[in-house]
Amino acid sequence: MAGFETLAIHSGQPSDPVTGAVVPPLHLATTFAQSAVGVHRGFEYSRTGNPTRAALETCIASLEGAAFGRAFASGLAAEDAVLRTLDPGDHLVVGDNLYGGTHRLLAQVHTQLRFSPVALDDLSAAERAWRPETRLVWVETPSNPYLRVADLAALADLAHARGARLVVDNTFATPYLQSPLALGADLVVHSTTKYLGGHSDVVGGFVATNAPEIAADVARLQNSVGAVPSPFDCFLVLRGVKTLAVRMERHCANAGRVAAMLADHDAVDTVYYPGLPAHPGHAIAARQMRGFGGMVSFTLHGGEPAALEVAASTQLFTLAESLGAVESLIEHPSRMTHASVAGSPFAVDPALLRLSVGIEDGDDLLEDLDRALSTIG
Ligand code: P1T
């Protein structure tokens, strides 16, 4: 089997047999000619299947070590497809730190499901939350925005021993840094809007699995519900994926430097980064990840007022939602990405700031943060 970087560039993307083009063509056709009824070359209608999307699906599936992969119009559309495989009344054990939109999807859209938030870095909490109708364990690791780390092999064992499945949102880690399926997970979901796309210019999602019955369900839902990405969206994610490995190396290096600098800064209270030895999930992250990722969160002694001031003061770190692209971003989760979880067990400390550390010159990033932190004295 070829290495990760080789798969990222070539998997699903042989040169075009007609023209020799080395990049998969952008197939905008919505429909495909049939030589007789039901006789075609693999594609009928672009909601059901599209050649540019197929290239992306083959590529990302191979990066996740998955036999099957399906692309969606957004990360939430991918999550929605997975949740639709459940029956009314089914119960999920979910990490108590999740992207706010995932919580909103569970709490406000899939109201026929039940879910219990637990600290998934504490396996006994998952055991205590278990019910006879528990079908899924759903975890982000590292989580958004607290960068909590869950032991995926242990969670998979726990879920399987009780007849449930483990779903891992691998958005923060990416398949370059972490392989949930190899650790026992049944499904991986992604917001490809983030590191896989990598350039803040496309919204997308992905589901990967090795289980044929889950794959068939997800494919049926992808076609029946129709939350598919456009061919151009697929083209952009495919292009982003080609440089994922080199981008992640730089994200990790820069984030490691930023976390160390913040941990040393007088104005900073707590730094959340799995690469710091003091992080409670450090040992597990070191075991199950290839690097510690590009996301860093921290609180300030000055509380929310100081956080708001710093968020408004950085120059290189742009104040904006989202993450995972080449440029550095800063955001205030409790009022931005996680505003919808206010008042729930998923609520985020208003003193918290989240950084998506980009791949700019590391010295420039440290200088920008240092200058912004000096504004709060
Ligand atoms: O935005 P969308 O492509 O639909 O993906 C949703 C999603 C799913 N999972 C994780 C871990 C995420 O972080 C997100 C989206 N998150 C942000 C927009 C954010 O700034 O945190």
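The values are calculated or read from the model by the stated rules, or taken from the named source; none is laboratory data. Bear in mind the structure is a predicted one, so any value in this text is a computation, not a measurement. FYI the Cβ positions are ideal-geometry reconstructions off the backbone, even for glycines, and counts take in every protein chain you see.
Of the residues Ala71, Ala61, Ala67, Ala55, only one is surrounded by fewer than 17 Cβ atoms within 10 Å (Cβ to Cβ) and either within 24 Å of the chain's Cα centre (by Cα) or closer than 22 Å to Asp201 by Cβ (or both); which?
Working: Ala71 fails: surrounded by fewer than 17 Cβ atoms within 10 Å (Cβ to Cβ); Ala61 fails: surrounded by fewer than 17 Cβ atoms within 10 Å (Cβ to Cβ); Ala55 fails: surrounded by fewer than 17 Cβ atoms within 10 Å (Cβ to Cβ).
None of the others qualify; the one that does is Ala67.
Which condition number does Thr270 fail, the rest of (1) of a type in the set (Ser, Thr, Tyr); (2) touching a helix residue (DSSP H, G or I) at 6+ places or on another chain (Cβ under 7 Å); (3) not assigned by TED's automatic domain parsing to the domain that holds Ala67 being met?
(2)
Here are Val271, Val241: which of them is touching a residue at least 40 places away in the same chain (Cβ under 8 Å) and of a type in the set (Val, Ile, Thr)? Please lay out each step first, then the result.
Numbers: Val271 fails: touching a residue at least 40 places away in the same chain (Cβ under 8 Å).
From the options Val271, Val241, the qualifying one is Val241.
Given (1) over 26 Å from Pro117 (Cα atoms); (2) without any contact (Cβ under 8 Å) to a residue 24 or more places away in the chain; (3) in contact with an Asp or Glu (Cβ under 9 Å, 6 or more places away or on another chain), identify the lone condition not met by Arg287.
(1)
Within the stretch 128-137, does at least one residue satisfy the condition of being charged (D, E, K, R), surrounded by fewer than 18 Cβ atoms within 10 Å (Cβ to Cβ), modelled with pLDDT under 95 and out of contact with any Ser or Thr (no Cβ under 7 Å at 6 or more places or on another chain)?
Taking the stretch 128-137 as the starting set, the residues that turn out to be charged (D, E, K, R) are 128, 131, 133, 135.
Narrowing the set further to residues that are surrounded by fewer than 18 Cβ atoms within 10 Å (Cβ to Cβ) leaves 128, 131, 133.
Remaining after also requiring modelled with pLDDT under 95: none.
No, the conditions are met nowhere in the stretch 128-137.
Among the residues of the stretch 138-151, write down those that are among the aliphatic types (A, V, I, L, M) and either more than 16 Å from the ligand (Cβ to nearest atom) or out of contact with any helix residue (DSSP H, G or I) (no Cβ under 6 Å at 6 or more places or on another chain) (or both).
Residues of the stretch 138-151 among the aliphatic types (A, V, I, L, M): 139, 147, 149-150.
Within the stretch 138-151, Val139, Leu147, Ala150 meet the criteria.
Residues that are of a type in the set (Ser, Thr, Tyr) and closer than 19 Å to Arg257 by Cβ: find the strands (runs of 3 or more DSSP E) completely inside the stretch 294-377 holding 1 or more of those.
On the way: elements: 295-300, 329-331, 352-356.
Fully inside the stretch 294-377 and qualifying: 295-300, 352-356.
Could you check, for the stretch 60-76, whether at least one of its residues is within 16 Å of the ligand (Cβ to nearest atom), farther than 22 Å from Ala208 by Cα and out of contact with any Ser or Thr (no Cβ under 8 Å at 6 or more places or on another chain)?
No.
Using beta carbons and a limit of 8 Å, which pairs, at least six apart or on different chains, have the first residue in the stretch 294-313 and at positive phi and at pLDDT 95 or above and the second one outside any helix (DSSP H, G or I) and surrounded by 19 or more Cβ atoms within 10 Å (Cβ to Cβ)?
Correct list of pairs: Gly303/Ala351.
Give me a count of the residues in the stretch 74-92 that are of a type in the set (A, V, I, L, M) and more than 15 Å from the chain's Cα centre (by Cα). Give the steps one after another, and end with the answer.
Here is the first cut: in the stretch 74-92, the residues of a type in the set (A, V, I, L, M) are 76-78, 81-83, 86, 92.
Right, trim to more than 15 Å from the chain's Cα centre (by Cα) and you get 81, 83, 86, 92.
Going through the stretch 74-92 one residue at a time, the tally reaches 4.
Please specify each residue of the stretch 130-185 satisfying the condition of being within 21 Å of Cys252 (Cα to Cα), free of Cβ contacts under 8 Å to residues at least 60 places away in the same chain and charged (D, E, K, R).
Glu140
Assess whether Gly89 counts as being under 22 Å from Tyr273 (Cβ atoms) and either in contact (Cβ under 8 Å) with a residue 12 or more places away in the chain or assigned by TED's automatic domain parsing to the domain that holds Gly293 (or both). Write out each step before concluding.
Values: under 22 Å from Tyr273 (Cβ atoms): no; either in contact (Cβ under 8 Å) with a residue 12 or more places away in the chain or assigned by TED's automatic domain parsing to the domain that holds Gly293 (or both): yes.
So Gly89 fails the test.
When you scan the stretch 162-169, do you find a residue that is within 14 Å of Arg135 (Cβ to Cβ), within 14 Å of the ligand (Cβ to nearest atom) and of a type in the set (Val, Ile, Thr), even just one? Write out each step before concluding.
Within the stretch 162-169, the first condition is being within 14 Å of Arg135 (Cβ to Cβ), and the residues that meet it are 162-167.
Now restrict to residues that are within 14 Å of the ligand (Cβ to nearest atom): 167.
Now narrow it down to the ones that are of a type in the set (Val, Ile, Thr): 167.
Yes, the stretch 162-169 contains a residue that is within 14 Å of Arg135 (Cβ to Cβ), within 14 Å of the ligand (Cβ to nearest atom) and of a type in the set (Val, Ile, Thr).
Do you know which of the residues in the stretch 93-105 that are farther than 29 Å from Thr58 by Cα and either away from the ligand (no atom under 12 Å from the Cβ) or surrounded by fewer than 21 Cβ atoms within 10 Å (Cβ to Cβ) (or both) is farthest from the chain's Cα centre (by Cα)?
Val93
Test Pro350 against the stated conditions and say whether it is of a type outside the set (S, T, N, Q), crowded, with 20+ Cβ neighbours inside 10 Å and modelled with pLDDT of 95 or more.
On the way: of a type outside the set (S, T, N, Q): yes; crowded, with 20+ Cβ neighbours inside 10 Å: no; modelled with pLDDT of 95 or more: yes.
The answer is no for Pro350.
Among (1) more than 10 Å from the ligand (Cβ to nearest atom); (2) of a type in the set (Asp, Glu); (3) in contact with a Phe, Trp or Tyr (Cβ under 9 Å, 6 or more places away or on another chain); (4) under 24 Å from Glu213 (Cα atoms), where does Glu79 come up short?
That leaves (1) as the condition not met.
Quick check on my filter: what residues within the stretch 138-163 are out of contact with any Ser or Thr (no Cβ under 9 Å at 6 or more places or on another chain) and either part of a loop (DSSP other than H, G, I, E, B) or at pLDDT below 95 (or both)?
Selection gives Thr141, Pro142, Ser143.
Condition check ((1) basic (Lys, Arg); (2) buried (at least 24 other Cβ atoms within 10 Å of the Cβ); (3) within 13 Å of the ligand (Cβ to nearest atom)) across all residues:
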residue	(1), (2), (3)
Phe172	no, yes, yes
Gly204	no, yes, yes
Ala215	no, no, no
Arg220	yes, no, no
